[in-house]
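Comments concern the structure below.
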Amino acid sequence: MTFRAKHLLGIEPLKPDDIREILDLADQYVDLNRGAVKHSDALAGLTQINMFFENSTRTQASFELAGKRLGADVMNMAMQASSIKKGETLIDTALTLNAMHPDLLVVRHPHSGAVDLLAQKVNCAVLNAGDGRHEHPTQALLDALTIRRAKGRLHRLSIAICGDIAHSRVARSNIILLGKMENRVRLVGPPTLVPGQFAEFGCEVYDDMAEGLKDVDVVMMLRLQRERMDGGFIPSEREYYHRYGLDAEKLAHAKPDAIVMHPGPMNRGVEIDGEIADDINRSVIQEQVEMGVAVRMAAMDLLARNLRERADGGVMV
Ligand code: NCD
């Protein structure tokens, strides 16, 4: 085993072999999930608590299903955004939950760094389900699995990440992961939404879709994250769609077999045309959701193995 970490807080600390190990195990869980009996005992006897301080549909459902299919006792805490007062409140919540002896804590929080802070205060394994605009590691892993299965490899691909990159933890985690696996990553969007700092990750930056999508293997669209914008980042949604919304005409610049991705939730008619999103010959958006459950099963299984090894006195790095 190569992935020996206590927590999964981001893609940044992972080695390429860790990523491959998680994806290889996730492939096995895809088979389990497609079978008649979708159950294993990998997490039997363990308690998983999901704490979502920010709204979520698919990520929370996916973590819940993943835990249940692996036999864990899963509890969803109802965390209202209004109860967040940062700092002490978050730590107090963490300490309270810690006293109940959970084994896996899945946390989503609107502040970048909040999940790392929480992880320092608890004994269990913590999985980051998205913190502010920082990281969303299981999303990048499920995207990687989707790409690997569709393209047969996860290296030397040309991938365009398009739209609201500035506010996106999905973009950040994907940029880091795809870079580690030696792909060429292009960022495409209006200059207000594509901060120059990403150039230092080795990405090429474009503000024109036709140029940015030219001959790419993968087109990854992002949602306009209005809730994280505090000013006029775009002129109007109509104008945005005209210049940056993915439609058949813009997609024609990519390779003929390029796949289309979107982490959801989608704004049809804003960043993506509904017909492209639903085109089963191009869009792998439903596959991404399917891979999400398998990747979360794999990540929690591996973290649980590490927990057991630590409890048995094994040496952890
Ligand atoms: C993303 C998120 O919450 O970061 N969604 C998700 O996890 N599927 C992207 C988004 O909200 O746009």
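No value in this document is a laboratory result; all are computed from the given coordinates. Predicted, not measured: the structure shown is a model, and the values here were computed from it. Positions of Cβ are generated from backbone atoms using ideal geometry, with glycine treated the same way; all protein chains shown enter the neighbour counts.
Quick look at the numbers
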| item | result |
| --- | --- |
| Global geometry of the stretch 119-254, whether rounded, prolate or oblate, following the gyration tensor of its Cα atoms and the 1.5 cut on a/c | oblate |
| Nonlocal amide H pairs with ARG268, under 5 Å, H built at 1.01 Å | none |
| Counting DSSP beta bridges with both ends in the chain, the antiparallel % (nearest 5) | 5 |
| Under 5 Å, built H, 5+ apart or other chain: amide partners of HIS253 | none |
| Residue-count net charge about GLY113 - beta-carbon cut-off 10 Å; Lys, Arg +1, Asp, Glu -1 | -3 |
| Relative contact order %, the chain, counting alpha carbon pairs below 8 Å whose residues are six or more apart | 21 |
| Per-residue [θ]222 nm for the chain (sum of -39500 (n - 2.57) over DSSP H runs n ≥ 4, rounded to 500) | -12000 deg cm²/dmol |
| The chain: most fluctuating residue of ASP207, ASP279, ASP73 per GNM, C-alpha cutoff 10 Å | ASP279 |
| Nonlocal amide H pairs with LEU8, under 5 Å, H built at 1.01 Å | VAL126, LEU127, ASN128 |
| Rounded if a/c under 1.5, otherwise prolate or oblate - the stretch 110-165, Cα gyration tensor axes | oblate |
| When each of LYS15/LYS214; LYS15/LYS68; LYS151/LYS250; LYS214/LYS255; LYS180/LYS255 is checked by Cα-Cα distance, pairs over 18 Å | LYS15/LYS214; LYS15/LYS68; LYS151/LYS250; LYS180/LYS255 |
| Gyration tensor verdict on the stretch 32-185 (Cα atoms; rounded if a/c is under 1.5, prolate if a/b is larger than b/c, oblate otherwise) | oblate |
| Between the stretch 215-276 and the stretch 94-131, the alpha-carbon center distance in angstrom | 33 |
| Cα-only Debye scattering, the chain: base-10 log of I(q)/I(0) at q = 0.09, 0.10 Å⁻¹ | -0.45, -0.55 |
